[in-house]
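Input: a single structure, listed below in structure tokens.
The values are calculated or read from the model by the stated rules, or taken from the named source; none is laboratory data. Here the structure is a predicted model, which means the values were calculated and not measured. Reconstructed Cβ throughout: ideal geometry from the backbone, glycine too, with neighbour counts over all protein chains shown. For accessibility, only protein heavy atoms count, side chains too; no ligands or nucleic acids. Shrake-Rupley method; radii C 1.70, N 1.55, O 1.52, S 1.80 Å.
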Amino acid sequence: MNIHEYQAKALLREYGAPVSDGRVVTKAEEAKTAAGELDGPLWVVKAQIHAGGRGKGSFKEADAGEKGGVRLAKSVEEAAEEAKKMLGRTLVTHQTGPAGKQVNRIYFEDGSDISRELYLALLVDRQTSRISFVCSTEGGMDIEEVAASTPEKILSFDVDPATGYQPFHGRRVAFTLGLEGQAMKQCVKLMGILYKAFVEKDMEQLEINPLIVTEAGDLKVLDAKVGFDGNALYRHQDIASLRDETEEDSKELQASKYDLNYIALEGEIGCMVNGAGLAMATMDIIKLKGAEPANFLDVGGGATKEKVTEAFKIITSDKNVKGILVNIFGGIMRCDVIAEGVIAAVKEVGLQVPLVVRLEGTNVEKGREIINQSGLDVIAASDLNDAAEKIVKAVKG
Ligand code: ADP
Ligand code: MG
């Protein structure tokens, strides 16, 4: 689960990290009062969306002005004016995709005098199963470019969980970033703070880009992108309450309410599968046969008819879906339950696209019988290869 920059900064502030004073608003009427609570003389007006690259982004609407999603203002009035231009408009960045994201919140922040922009991130390294520090002197808005063309400018190392964070980790970061004097000391302290927050809050990712050195020589967190492990949210009510559902894919949100493992993708073939491994294999074979999957979906081992019905409804609600492939290998999952769920869903929402069903395993005869007697226009498949070929043919001709 991701949160907004202003929420991440509030959280890091509680842990003692150096962040600027700021105010968030959701309505244009509140803008002037909120901006007026900051001292100036420089106001930074920042669009809050769950995506990076805002500074270099652009708005779809002409009345949002020429500038991106991070704007500087020299007065309260100007700050409020810029906020009004951005609220309700659609910001497109390299991370949002061409559809962009609607800006529903604006964060006003005290402007900083920047001497250097650095890059810092903590993340869970799946290779080593440890928390990793990633840092670079080349922070700011072009870190993707740095990673692609000069990866040697990015240092990463991991922390042994048995010892946890140690000051030498912080000194290593400070040395890599070329920090000296007070900034070096602040870095050792800040890395400890970030590591503690990361572990205590079950973060998945904590990216600070840029981490700056101010003209006065102090370190400051100027941007913050934080993601949490969804499986650990149950033990962090405070974090769970920061969830902004408007930022999430509505299909994924619906799926999470029914405890379905669903991830929306861009393709045209909706997939309903049981088991994550089989779901991956199903997506692979769809690609092999020349089409693209519209989603990943694992309905799980013990899915009920209601859950299957909901899953089917989510798949059909996706406008890109031109065909559906149901691929079930019933072990714990019973094929008749899947068949009943599919039929219940089709009765409720109708079937506008071709549907290929491949059932195998527990209660398979019963499952096939239910589908055959339903009168539905279902294309039966004998195995995975056959199923993939049939659905791709039905969609692509
Ligand atoms: P994004 O990464 O989405 O583009 P950032 O928060 O990193 O957004 O802002 C982009 C750039 O705007 C930063 O690299 C920095 O140069 C500038 N900036 C952001 N916040 C401030 C601030 N409080 N004071 C001065 N400059 C800022
Ligand atoms: Mg940034």
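Candidates Ile106, Ile131: the one that is crowded, with 19+ Cβ neighbours inside 10 Å, at pLDDT 95 or above, closer than 23 Å to Ala10 by Cβ and outside the structural domain of Phe168 (by TED's automatic domain parsing) is Ile106. From the list Val273, Val299, Val308, the lone residue that is under 22 Å from Asp229 (Cα atoms) and out of contact with any Lys or Arg (no Cβ under 6 Å at 6 or more places or on another chain) is Val299. The residues on offer are Gly100, Gly88, and the sole one that is open to solvent by 30 Å² or more (accessible area, probe 1.4 Å) and either on the phi > 0 side of the Ramachandran plot or hydrophobic (A, V, I, L, M, F, W, C) (or both) is Gly88. Residues that are assigned to a helix (DSSP H, G or I) and under 26 Å from the mean Cα position of the chain (by Cα) occur at least once in the range 316-334. With a requirement of 2 or more residues that are away from ligand 2 (no atom under 16 Å from the Cβ) and touching a residue at least 40 places away in the same chain (Cβ under 8 Å), the strands (runs of 3 or more DSSP E) lying completely within the range 79-141 that satisfy it span 106-110, 114-125, 130-136. Given the structure, is Val364 within 17 Å of Ala394 (Cα to Cα) and open to solvent by less than 30 Å² (accessible area, probe 1.4 Å)? The answer is no for Val364.
Scanning the range 1-12 for residues that are open to solvent by 10 Å² or more (accessible area, probe 1.4 Å) and either without any contact (Cβ under 8 Å) to a residue 24 or more places away in the chain or of a type in the set (Lys, Arg) (or both) gives a single hit, Ala10. What do you reckon, is Gly290 on the phi > 0 side of the Ramachandran plot and touching a residue at least 60 places away in the same chain (Cβ under 8 Å)? So Gly290 fits the description; yes.
Of a type in the set (Asp, Glu), more than 25 Å from the chain's Cα centre (by Cα) and open to solvent by less than 60 Å² (accessible area, probe 1.4 Å): which single residue out of Asp218, Asp202, Asp223 fits that description?
Asp218
Cys187 meets all of the listed conditions (1) in contact (Cβ under 8 Å) with a residue 40 or more places away in the chain; (2) buried (at least 20 other Cβ atoms within 10 Å of the Cβ) but one, namely (1).
Whether any residue in the range 275-289 is of a type in the set (A, V, I, L, M), in a strand (DSSP E or B) and surrounded by fewer than 20 Cβ atoms within 10 Å (Cβ to Cβ) is what I want to check. Break it down into steps so the answer makes sense when it comes.
Just the residues of the range 275-289 that are of a type in the set (A, V, I, L, M), to begin with: 276, 278-281, 283, 285-286, 288.
After this cut, where a residue has to be in a strand (DSSP E or B) as well, the list is none.
Within the range 275-289, not a single residue is of a type in the set (A, V, I, L, M), in a strand (DSSP E or B) and surrounded by fewer than 20 Cβ atoms within 10 Å (Cβ to Cβ).
Consider the range 52-75 and keep the residues that are modelled with pLDDT of 95 or more and within 18 Å of Lys32 (Cβ to Cβ). The one that is nearest to ligand 1 (Cβ to nearest atom) is Leu72.
Out of Gly300, Gly341, Gly323, Gly330, I need the residue that is open to solvent by less than 30 Å² (accessible area, probe 1.4 Å), farther than 25 Å from Asp249 by Cα and in contact (Cβ under 8 Å) with a residue 24 or more places away in the chain. Which one? Write out each step before concluding.
Numbers: Gly300 fails: farther than 25 Å from Asp249 by Cα; Gly341 fails: farther than 25 Å from Asp249 by Cα; Gly323 fails: farther than 25 Å from Asp249 by Cα.
Among Gly300, Gly341, Gly323, Gly330, only Gly330 is open to solvent by less than 30 Å² (accessible area, probe 1.4 Å), farther than 25 Å from Asp249 by Cα and in contact (Cβ under 8 Å) with a residue 24 or more places away in the chain.
Condition check ((1) among the polar types (S, T, N, Q); (2) open to solvent by 20 Å² or more (accessible area, probe 1.4 Å); (3) within 11 Å of ligand 1 (Cβ to nearest atom); (4) assigned by TED's automatic domain parsing to the domain that holds Gln95) across all residues:
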site: Glu14; (1), (2), (3), (4): no, yes, no, no
site: Thr26; (1), (2), (3), (4): yes, yes, no, yes
site: Glu29; (1), (2), (3), (4): no, yes, no, yes
site: Ala34; (1), (2), (3), (4): no, no, no, yes
site: Glu37; (1), (2), (3), (4): no, yes, no, yes
site: Leu42; (1), (2), (3), (4): no, yes, yes, yes
site: Lys46; (1), (2), (3), (4): no, no, yes, yes
site: His50; (1), (2), (3), (4): no, yes, yes, yes
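Does any residue of the range 76-85 turn out to be within 9 Å of ligand 1 (Cβ to nearest atom) and in the same structural domain as Ala34 (by TED's automatic domain parsing)? No - not one qualifying residue is present in the range 76-85.
I'm checking my understanding of the structure. Among residues of the range 353-386 that are aliphatic (A, V, I, L, M) and within 22 Å of Ser317 (Cα to Cα), which one is modelled with the lowest pLDDT?
First, the residues of the range 353-386 that are aliphatic (A, V, I, L, M): 353, 355-357, 359, 364, 370-371, 376, 378-381, 384.
From what is left, the residues that are within 22 Å of Ser317 (Cα to Cα) are 353, 355-357, 371, 376, 378-379.
Values: Val353: 94, Leu355: 94, Val356: 95, Val357: 92, Ile371: 89, Leu376: 85, Val378: 88, Ile379: 90.
Looking at residues that are aliphatic (A, V, I, L, M) and within 22 Å of Ser317 (Cα to Cα), I get Leu376.
Being within 26 Å of Val146 (Cβ to Cβ) and touching a strand residue (DSSP E or B) at 6+ places or on another chain (Cβ under 7 Å) holds for only one residue in Gly97, Gly53, Gly111, and it is Gly111.
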